[in-house]
Amino acid sequence: MAPAGWLERLRAAEKTALLQDGRRKVHYLFPDGKEMAEEYDEKTSELLVRKWRKRSALGVLGQWQLEVGEPAPPGAGSLGPELIKESSANPIFMRKDTKMTFQWRIRNLPYPKDVYSVCVAPKERCIIVRTTNKKYYKKFSVPDLDRHQLPLDDSLLSFAHANCTLIISYQKPKEILVTESELQKELKKVKTAHSSDGDCKTQ
């Protein structure tokens, strides 16, 4: 989908805005029935959460799928103490963007920086993380680039390691920055309800 096409799709969506706990929460309902929910820092407009859900062939709403933000801690929402919890020592993968970069953090990776290899796989349209000691392997896509039909560029990719956390950064292309800027202008037009007022819908 071309940049203009994605922005037009966002503009055409039915939007609900809510201000709560210092976060501006925006819910999008697209004509095809898909839903997207975003949360922004009220002061900085930095994206904190983005998640998606869609209906099944039978019209049943599926679970929210997190794209950006911190995953729920292991065992959260468990049905009871008998549920086996994921070890807190396992690597935890999450995406946490900045204004200028897409950024992913993988916690609980204790190996030194020279053990890691982070590269772009252009044909597969993904980023691959691996270790020389074969202890960790991860492949993940960048949905924003897919929505804009932009290629992955290895020169925009970098990584650092500190406090048992691998931090992977991908510099946002100018097309993405333009779209994000235009979207913020669009969201300012959406009437925002406060948490005590209930939801407010607008086109």
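Over the chain, accessible surface divided per residue gives 59 Å², non-protein components excluded, 1.4 Å probe. Label-to-label distance, E67 versus E124, with points set 7 angstrom from Cα along the beta-carbon direction: 2.2 nm.
Applying the criteria of a DSSP loop state and at most 16 other Cβ atoms within 10 Å to the chymotrypsin sites (Phe, Trp or Tyr not before Pro) of segment 111-203 yields Y136. Output the 0 to 90 degree angle, nearest 10, between the alpha-carbon long axis of helix 3-12 and the longest principal axis computed from the alpha carbons of the chain. Roughly 40 degrees, rounded to the nearest 10. Over every Cα atom in the chain, the radius of gyration and the widest Cα-Cα span, Dmax, amount to 18.6, 54 Å.
What's the long-distance tail for segment 1-65, i.e. % of Cα pairs beyond 19 Å?
When all Cα pairs of segment 1-65 are counted, 40 percent exceed 19 Å.
Normalised by 2.2 N^0.38 Å, where N counts its residues, the alpha-carbon radius of gyration of segment 104-203 equals 1.46. Applying a threshold of 30 Å to the alpha-carbon distances of K96/K189; K15/K138; K138/K174 flags K15/K138 as lying beyond it. Placing S155, S181, S169 in order of accessible area, with the largest value first and a 1.4 Å probe, yields S155, S181, S169. Between 0 and 90 degrees, the angle of helix 174-187 with respect to the longest Cα principal axis of the chain falls at about 40 degrees.
Straight-line cross-link partners of K54 among the aspartates and glutamates, defined as a Cα under 20 Å from its Cα and at least 8 positions apart when in the same chain: E8, E14, D32, E35, E38, E39, E67, D144, D146.
The values are calculated or read from the model by the stated rules, or taken from the named source; none is laboratory data. Please read all numbers here as calculations on a predicted model, not as lab measurements. Counting neighbours? That spans all protein chains shown, and the Cβs are built from the backbone with ideal geometry, glycine included. Keep in mind that these areas ignore ligands, DNA and RNA; they rest on the heavy atoms of the full protein, side chains included. Shrake-Rupley method; radii C 1.70, N 1.55, O 1.52, S 1.80 Å.
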